[in-house]
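Colleague: Sharing a structure here in structure tokens format.
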């Protein structure tokens with residue numbers, strides 16, 4: 001690779017980092033808004049756990065820790081709040097009494113229903129005017145990037161932090 005190409009690549013990667021910073025800030029803002037629309041005291045982590053529990057279904061608390069890449073203690077406190085708010089139920093795992101199985105309650109499912117619709121409408125609005133091919137390319141590139149990140153995490157490389165996503 002020539003020096004010009006290396007410099008161009010470095011500049012492009014820098015621009016990508018700047019765009020990811022913008023996306024992360026917008027995502028954090030939406031996460032706070034979604035959390036407060038469920039309950040004024042719900043934290044963004046609590047909301048992220050609620051959406052993760054929706055996607056995973058009945059699961060051990062450790063699966064939520066892994067899914068949102070957050071501290072076990074913080075997850076435990078957030079799960080206790082979700083349970084107190086009636087959004088999640090917790091029961092002992094019959095196969096491992098040391099483990100807790102978590103599941104959305106009907107109230108938790110209902111709380112997320114409207115938010116999912118609004119989030120989907122927002123994304124559709126952001127992609128308005130894009131061709132199907134462009135949307136599919138974005139999907140494929142994001143999948144590739146996320147898969148590469150997971151591969152690095154599983155290989156034991158440095159974790160990039162406690163990511164909380166609406167995904």
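The values are calculated or read from the model by the stated rules, or taken from the named source; none is laboratory data. In this text the structure is predicted, and so the values were computed from the model without any measurement. Here the Cβ is made from the backbone with ideal geometry for all residues, glycine too, and neighbour counts use every protein chain on show.
Colleague: So, residue 112, is that one part of a helix (DSSP H, G or I), modelled with pLDDT of 85 or more, surrounded by 10 or more Cβ atoms within 10 Å (Cβ to Cβ) and out of contact with any strand residue (DSSP E or B) (no Cβ under 7 Å at 6 or more places or on another chain) or not? Spell out the reasoning first.
Modeller: Numbers: part of a helix (DSSP H, G or I): yes; modelled with pLDDT of 85 or more: yes; surrounded by 10 or more Cβ atoms within 10 Å (Cβ to Cβ): yes; out of contact with any strand residue (DSSP E or B) (no Cβ under 7 Å at 6 or more places or on another chain): yes.
Criteria met by residue 112.
Colleague: Still on this model: Please find, within the stretch 32-54, the residue that is nearest to the chain's Cα centre (by Cα) out of those that are surrounded by fewer than 20 Cβ atoms within 10 Å (Cβ to Cβ) and touching a residue at least 40 places away in the same chain (Cβ under 8 Å). Give the steps one after another, and end with the answer.
Modeller: Start the filter on the stretch 32-54 by keeping residues that are surrounded by fewer than 20 Cβ atoms within 10 Å (Cβ to Cβ), which leaves 32-33, 36-37, 39-41, 43, 54.
From what is left, the residues that are touching a residue at least 40 places away in the same chain (Cβ under 8 Å) are 37, 39, 41, 54.
Numbers: 37: 17, 39: 19, 41: 19, 54: 12 Å.
Filtering first and then ranking leaves 54.
Colleague: Output the helices (runs of 4 or more DSSP H) that fall wholly within the stretch 3-86 and possess 3 or more residues being touching a strand residue (DSSP E or B) at 6+ places or on another chain (Cβ under 9 Å) and farther than 16 Å from residue 116 by Cα, or say none. Lay out the reasoning, then the answer.
Modeller: Details: elements: 3-38, 44-56, 61-68, 72-84.
Filter on the stretch 3-86 gives 61-68, 72-84.
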